[in-house]
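What follows is a structure written as structure tokens; I'll ask about it next.
The values are calculated or read from the model by the stated rules, or taken from the named source; none is laboratory data. Since we're looking at a predicted model, the values are computed, not measured. Cβ atoms come from the backbone with ideal geometry, glycine included; neighbour counts cover every protein chain shown.
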Amino acid sequence: MERSQKSILTCMCQITKGDEILVLDKISCDYNGVTFPGGHIEKDEIITDAVVREVFEETGLHIKNPVLCGIYDWLLEDGARYFVFLYRADKFEGKLQSSAEGTVRWIKKDHFMQEELAEGMETVFRITNSENLSECFWIRSTKEEILK
């Protein structure tokens, strides 16, 4: 049985301020819609450091004490496994600013599901706001989600 597999590691963070959450209106040729700030984890980078760095690059905010709350993953067509480490944070400082990734803005948390969400964000939101869910494996061919 093969025990190694090419993997792509990414991270994403739901940032809260009272009853609001920070969203990113992502503009990209292959992934558009409302999402949370985040991005790729660099080689040899600590995952928590990556989420802090990515949030700063995309929002101008320095988050403090991000908490890992789940993983969302799937297989790519080439057989590589794509992981998104999901975080929450409610402590931050800095001046909010948009980036080349898209526009950032605060919305009421209970309005999130009415937004034009990027693919998979409904599930990401469920995981980042659940005490019982911590993982979703998405089967791309059937669009089935296995939640644990």
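Kindly evaluate Phe137 against the criterion of being within 16 Å of the chain's Cα centre (by Cα) and not in a strand (DSSP E or B).
no
So in segment 23-62, with the set limited to residues that are assigned to a loop (DSSP other than H, G, I, E, B) and without any contact (Cβ under 8 Å) to a residue 24 or more places away in the chain, which one is surrounded by the most Cβ atoms within 10 Å (Cβ to Cβ)?
Across segment 23-62, the extreme among qualifying residues is Glu45.
Hey, among the residues in segment 1-22 that are within 21 Å of Leu76 (Cα to Cα) and within 11 Å of the chain's Cα centre (by Cα), which one's surrounded by the most Cβ atoms within 10 Å (Cβ to Cβ)?
Only one residue fits best here, namely Cys11.
Continuing with the same structure: Name the single residue, out of those in segment 81-124 being β-branched (Val, Ile, Thr) and within 15 Å of the chain's Cα centre (by Cα), that is surrounded by the fewest Cβ atoms within 10 Å (Cβ to Cβ).
Applying the filter and picking the extreme gives Thr123.
Need pairs with beta-carbon distance below 8 Å; first residue of a type in the set (Phe, Trp, Tyr) and within segment 82-106, second surrounded by 15 or more Cβ atoms within 10 Å (Cβ to Cβ) and part of a loop (DSSP other than H, G, I, E, B); sequence gap 6+ or separate chains.
From residues that are of a type in the set (Phe, Trp, Tyr), the pairs are Phe85/Ile41; Tyr87/Pro66.
Tally time: how many residues in segment 63-87 are in a strand (DSSP E or B) and either at pLDDT below 95 or of a type in the set (A, V, I, L, M, F, W, C) (or both)?
Summing the residues that are in a strand (DSSP E or B) and either at pLDDT below 95 or of a type in the set (A, V, I, L, M, F, W, C) (or both) in segment 63-87 gives 11.
State whether the residues of segment 12-21 include one that is within 14 Å of Phe92 (Cβ to Cβ) and among the acidic types (Asp, Glu).
The answer is yes; a qualifying residue exists.
Of everything in segment 101-134, what is in a loop (DSSP other than H, G, I, E, B) and either touching a Ser or Thr at 6+ places or on another chain (Cβ under 8 Å) or closer than 20 Å to Arg88 by Cα (or both)? Give them in sequence order.
Glu101, Glu115, Ala118, Glu119, Gly120, Asn129, Ser130, Glu131, Asn132, Leu133, Ser134
Does segment 38-49 contain any residue that is acidic (Asp, Glu) and modelled with pLDDT under 95?
no
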